[in-house]
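The structure appears below as structure tokens.
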Amino acid sequence: MNILLTGGAGYIGSHTIVELDKAGHSVVVVDNLVNSSEESLNRVAKIIGKQVPFVKADVRDAAAMNDLFDKFKIDAVINFAGLKAVGESVAKPLEYYENNMNACFVLLDAMRKHNCKNFIFSSSATVYGDPAIIPITEECPKGQCTNPYGKTKSMLEEVLIDLQKADPEWNVVLLRYFNPIGAHQSGLIGENPNGIPNNLMPYITQTAVGLRKELGVFGNDYDTPDGTGVRDYIHVCDLANGHVCALKAIERKCGLAIYNLGTGHGNSVLDVVKAFEKANNLKVPYSIKPRRAGDIATCYCNPAKAKAELGWEAKYGIEDMCRDAWNFQKNNPEGY
Ligand code: NAD
Ligand code: WQD
């Protein structure tokens, strides 16, 4: 299939291009580079041996999107484009609602005008809020998101569910990602955050490379085995491969389908620090800090549905994720 990746120059998108290419799909990328660099696509070209067509445009630009669909015959769209920083979304709610919602609306409208009705949406474990059950299944009721970023994911899920109900020709797959970390084994592409990282793994790798003095561990008094927050970390290449499997569901005309993409294993903050130190033979200085507002104690999934219906399961473990995250950071100490 010919797949349009919105936000394809970003962290998950760039890794997904590699997996799609491996599976024999062709790819077109649209990105406005607000949180990425075109260099990621040059690096992808080194991995897959060819440059993918790239349109530098904002997905909210209806004329640009209609032109794109006129120019390329697109069979399915994976919508990675969006702003994703939780804290920033609290400070700039209008920017987050406007960008994430409008980009999706403009895209869906251009798609239906061009009779392309196959859509994969980057959703998030954040839609479960403080989860009612652990491990989280897809049947777990959606919870109260504490930030505008999470609310855009939850609201767009509802929009897509209504769209598919109104027009069953649409195939819509909602992929709820848990915590993607790590990088492609080549060390050429990886996570490249702007400024001070919000997320755990980039903070660890930047501390290890000397860009940050020490990691702050946000709370050690949660109701978890060691008191620090527990998450379902998933290797970004496993996550990328989940999109290849979701396309098979689309080819089978799945209608609406919702999947958790995680490993099913929870690791605490200190587990991740220890795994990183062991995998890379390094020390990561850290100190315990107060809890971060909005954090929950534990979040990990039951990934059985994706295994049963998509034949997908994560194959990398936490030490692989730590090794590959470090490999990218040490090869690219200043990012791209
Ligand atoms: P990312 O920021 O690296 O990639 C998103 C890309 O979208 C960037 O390249 C950015 O430039 C682009 N973009 C944003 N708004 C755009 C617009 N209006 N027009 C065109 N391009 C635009 O983030 P990522 O980690 O690769 O995440 C990809 C998707 O997965 C996002 O929707 C994110 O919310 C979702 N997600 C990410 C995580 C995570 O922890 N990384 C977890 C769950 C869900
Ligand atoms: C993981 C754990 C922190 C940084 C976020 C979004 C979520 C999803 C994934 C997009 C927590 C602790 C972190 C640090 C720390 N993104 N931590 N020191 O919060 O699970 O999820 O990213 O959809 O929506 O909320 O990920 O990596 O920020 O935190 O102790 O410097 O690490 O408290 O327990 P989180 P994270």
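For (1) of a type in the set (D, E, K, R); (2) surrounded by 17 or more Cβ atoms within 10 Å (Cβ to Cβ); (3) on the phi > 0 side of the Ramachandran plot, each residue gets a yes or a no:
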{"position": "LEU215", "(1), (2), (3)": "no, yes, no"}
{"position": "GLY219", "(1), (2), (3)": "no, yes, yes"}
{"position": "THR224", "(1), (2), (3)": "no, yes, no"}
{"position": "ARG231", "(1), (2), (3)": "yes, yes, no"}
{"position": "VAL244", "(1), (2), (3)": "no, yes, no"}
{"position": "ILE258", "(1), (2), (3)": "no, yes, no"}
{"position": "LEU261", "(1), (2), (3)": "no, yes, no"}
{"position": "ASN281", "(1), (2), (3)": "no, no, yes"}
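Of the residues making up the stretch 100-110, not a single one is in contact (Cβ under 8 Å) with a residue 12 or more places away in the chain and outside any helix (DSSP H, G or I).
Within the stretch 1-16, restricting attention to residues that are open to solvent by less than 10 Å² (accessible area, probe 1.4 Å) and out of contact with any helix residue (DSSP H, G or I) (no Cβ under 7 Å at 6 or more places or on another chain), the residue that is nearest to ligand 1 (Cβ to nearest atom) is GLY13. The set of residues from the stretch 86-106 being touching a Pro at 6+ places or on another chain (Cβ under 7 Å) and away from ligand 2 (no atom under 15 Å from the Cβ) comprises PRO93, TYR97.
For the stretch 289-313, filtering for residues that are more than 16 Å from ligand 2 (Cβ to nearest atom) and either within 20 Å of THR224 (Cα to Cα) or among the small types (Gly, Ala, Ser) (or both) leaves 5.
Look at the stretch 44-55 and say how many of its residues are in a loop (DSSP other than H, G, I, E, B) and more than 23 Å from GLU251 (Cβ to Cβ).
Result for the stretch 44-55: 3.
Of all the numbered requirements in (1) part of a helix (DSSP H, G or I); (2) surrounded by fewer than 16 Cβ atoms within 10 Å (Cβ to Cβ), LYS73 misses one, and that requirement is (1).
Picking from residues in the stretch 152-189 that are small (Gly, Ala, Ser), in a loop (DSSP other than H, G, I, E, B) and at negative phi, the one that is most open to solvent (accessible area, probe 1.4 Å) is SER186. The condition (being under 26 Å from ASN115 (Cα atoms) and surrounded by fewer than 16 Cβ atoms within 10 Å (Cβ to Cβ)) is satisfied by just one residue among GLU98, GLU19: GLU98.
Does PHE178 satisfy the criteria of being of a type outside the set (Ser, Thr, Tyr), under 22 Å from CYS301 (Cβ atoms) and touching a Leu at 6+ places or on another chain (Cβ under 8 Å)? Walk me through it before giving the result.
Numbers: of a type outside the set (Ser, Thr, Tyr): yes; under 22 Å from CYS301 (Cβ atoms): yes; touching a Leu at 6+ places or on another chain (Cβ under 8 Å): yes.
Yes: the conditions hold for PHE178.
Only one entry of ARG112, ARG176 meets the criterion of being closer than 24 Å to ILE3 by Cβ, of a type in the set (Lys, Arg) and within 16 Å of ligand 2 (Cβ to nearest atom), and that entry is ARG176. Given the condition open to solvent by less than 40 Å² (accessible area, probe 1.4 Å) and within 11 Å of ligand 1 (Cβ to nearest atom), answer yes or no: does some residue in the stretch 128-148 qualify? Checking the stretch 128-148: not a single residue is open to solvent by less than 40 Å² (accessible area, probe 1.4 Å) and within 11 Å of ligand 1 (Cβ to nearest atom). Here ASP320 clears all of (1) touching a strand residue (DSSP E or B) at 6+ places or on another chain (Cβ under 7 Å); (2) open to solvent by less than 30 Å² (accessible area, probe 1.4 Å); (3) assigned to a helix (DSSP H, G or I); (4) not aliphatic (A, V, I, L, M) except the condition numbered (2).
Listed here are the residues, each with its yes/no results for (1) in a loop (DSSP other than H, G, I, E, B); (2) modelled with pLDDT of 95 or more; (3) within 20 Å of the chain's Cα centre (by Cα).
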{"site": "ILE12", "(1), (2), (3)": "no, yes, yes"}
{"site": "HIS15", "(1), (2), (3)": "no, yes, yes"}
{"site": "VAL18", "(1), (2), (3)": "no, yes, yes"}
{"site": "VAL29", "(1), (2), (3)": "no, yes, yes"}
{"site": "ASN35", "(1), (2), (3)": "yes, yes, yes"}
{"site": "ASN42", "(1), (2), (3)": "no, yes, no"}
{"site": "ASP58", "(1), (2), (3)": "yes, yes, yes"}
{"site": "ALA63", "(1), (2), (3)": "no, yes, no"}
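Of all residue pairs spaced 6 or more apart or on separate chains, those with beta-carbon atoms under 7 Å, a first member in the stretch 122-137 that is under 16 Å from GLU157 (Cα atoms) and a second member that is modelled with pLDDT under 95 and assigned to a loop (DSSP other than H, G, I, E, B) are THR126/CYS145; VAL127/CYS145; TYR128/GLY143; GLY129/GLY143; GLY129/GLN144; GLY129/CYS145.
Looking across the stretch 228-257, the residues that are of a type in the set (Asp, Glu) and within 30 Å of GLY216 (Cβ to Cβ) come down to ASP232, ASP238. Considering the stretch 166-187, the residues that are touching a strand residue (DSSP E or B) at 6+ places or on another chain (Cβ under 6 Å) and not hydrophobic (A, V, I, L, M, F, W, C) include one that is nearest to HIS265 (Cα to Cα), namely ASN179.
The values are calculated or read from the model by the stated rules, or taken from the named source; none is laboratory data. Keep in mind the model is a prediction, meaning the values are calculated, not measured. As a convention, Cβ positions derive from the backbone with ideal geometry for all residues, glycine included, and neighbour counts pool all protein chains shown. Side chains are part of the model used for accessible areas, which takes the heavy atoms of the whole protein and leaves out ligands, DNA and RNA. Shrake-Rupley method; radii C 1.70, N 1.55, O 1.52, S 1.80 Å.
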